[in-house]
Each structure stands twice: as structure tokens, then as C-alpha cells.
Amino acid sequence: GGNISDFMCYLLERSIKTLGVRIEKHNANAQIVAEFLKDNPSVKKVYYPGLTDHPNYEIAKKQMHGFGGMLSFEINEKLDAKEFQNSLKMIKASMSLAGVESTILMPSLTSHALLSEEERNRQGISDGLLRLSVGIEDVEDIVFDLQQALQKIQNSK
């Protein structure tokens, strides 16, 4: 019936033991990445509750013990988000997010692909919007990958 196998129990127990340190690393890395993106002139907007200019920052600060490993950002309209995503070397494009490695997706091509451009825009889903699940890799490597991809598309325009 509703039982899981011995092996699944082992994997679950092993994962729970390191969950706390993995979440701390996700939170810390995402904060650094969000601040990097916020200060980058190629980035139009960053959506992350850990940034003081986020409209729900004060509420998040009261309710959370970290701001999570997930963020969204929009690159400038003059730049090609798909080209940016394809220029990443370490961060992998994915159809879903989460895990210990950094992954990225474009909602206009994945979760919201069946909506018309007009419907997406009405919901705030621009073609330049990217969702990033920040992993637990060295944060310098994550930032470097984002930076090199932003520079590459900036130079190609």
C-alpha cells in the first residue's frame, strides 16, 4: 500500500540530515546573486524578497529565517534573454527548478508558453523574465557565470 521502500527511507533520512545546511547555503547564495543582478546595468529588475527595495521586504523579514534560493529577474529589453540563457556555462536551463545545482528557465518558453504574448504581458511575464534557482555551488562561480553571459550578450548587440 502506502509504504516506501527501504532504499527510499535511507535516501530520505540521508537528505534530511543535511537539509538545514543546504537551505542556509541556498539563502546566502541567492542573496549575493540578487544583489549582484540588482547592481548590473544589463538587468532591468530583480524580484527577490531579500532585497530592501522589494515591496514585501519588511513582511518577509518578519516571517522568514532567510529569503529562499529562488529569484526572478528581467534583463533589459535591448538584450536577448534566450541568448543569455544559452550563454550560461555552469547554470543549466531546466523545465523545472530546485535541487542543489543552479538552474534557470524562461517562463515565456516554459510555464507560460501556452499563453499569448498579450496574456503573458498582462500577468507581468515578459520575454526578458528569467527564473533562477540558486544552487549551493561556490557563489563566486554562480556570479561569474551570470556575469560572463551578460557580458557576452551585451557585446553581441
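E77 - would you say it is closer than 18 Å to V143 by Cβ, free of Cβ contacts under 8 Å to residues at least 60 places away in the same chain and open to solvent by 40 Å² or more (accessible area, probe 1.4 Å)?
Working: closer than 18 Å to V143 by Cβ: no; free of Cβ contacts under 8 Å to residues at least 60 places away in the same chain: yes; open to solvent by 40 Å² or more (accessible area, probe 1.4 Å): yes.
In short, no.
List every residue pair whose Cβ atoms sit under 9 Å apart, with the two residues 6 or more apart in sequence or on different chains, where the first one lies in segment 36-54 and is closer than 15 Å to G128 by Cα and in contact (Cβ under 8 Å) with a residue 24 or more places away in the chain and the second, anywhere, is open to solvent by less than 30 Å² (accessible area, probe 1.4 Å) and of a type in the set (D, E). Close Cβ pairs satisfying both conditions: V43/E74; K44/E74; K45/E74; V46/E74; Y47/E74. The set of residues in segment 26-67 that are under 28 Å from K152 (Cα atoms) and of a type in the set (G, A, S) comprises A28, A30, A34, S42, G50.
Might you check whether a residue that is within 14 Å of L37 (Cβ to Cβ) and open to solvent by 80 Å² or more (accessible area, probe 1.4 Å) occurs anywhere in segment 99-110? Steps first, answer last, please.
If we filter segment 99-110 for residues that are within 14 Å of L37 (Cβ to Cβ), which is where we start, we get 102, 104.
Adding the requirement that they be open to solvent by 80 Å² or more (accessible area, probe 1.4 Å) leaves none.
No, every residue in segment 99-110 fails to be within 14 Å of L37 (Cβ to Cβ) and open to solvent by 80 Å² or more (accessible area, probe 1.4 Å).
Residues of segment 91-109 that are more than 21 Å from V21 (Cα to Cα), at pLDDT below 95 and aliphatic (A, V, I, L, M): A93, M95, L105, M106, L109.
Among the conditions (1) within 24 Å of R22 (Cβ to Cβ); (2) in contact (Cβ under 8 Å) with a residue 60 or more places away in the chain, the only one that G68 does not satisfy is (2). Within the option set L88, L71, L37, being within 15 Å of E137 (Cβ to Cβ) and either surrounded by 19 or more Cβ atoms within 10 Å (Cβ to Cβ) or at pLDDT 95 or above (or both) holds for one residue only, L88.
The values are calculated or read from the model by the stated rules, or taken from the named source; none is laboratory data. Just so you know, these numbers come straight off a predicted model, no measurement behind them. Virtual Cβ from ideal backbone geometry, glycine too; neighbours counted across all protein chains shown. Ligands, DNA and RNA are stripped out before the accessible areas are found, and what is left, the full protein with its side chains, is counted by its heavy atoms. Shrake-Rupley method; radii C 1.70, N 1.55, O 1.52, S 1.80 Å.
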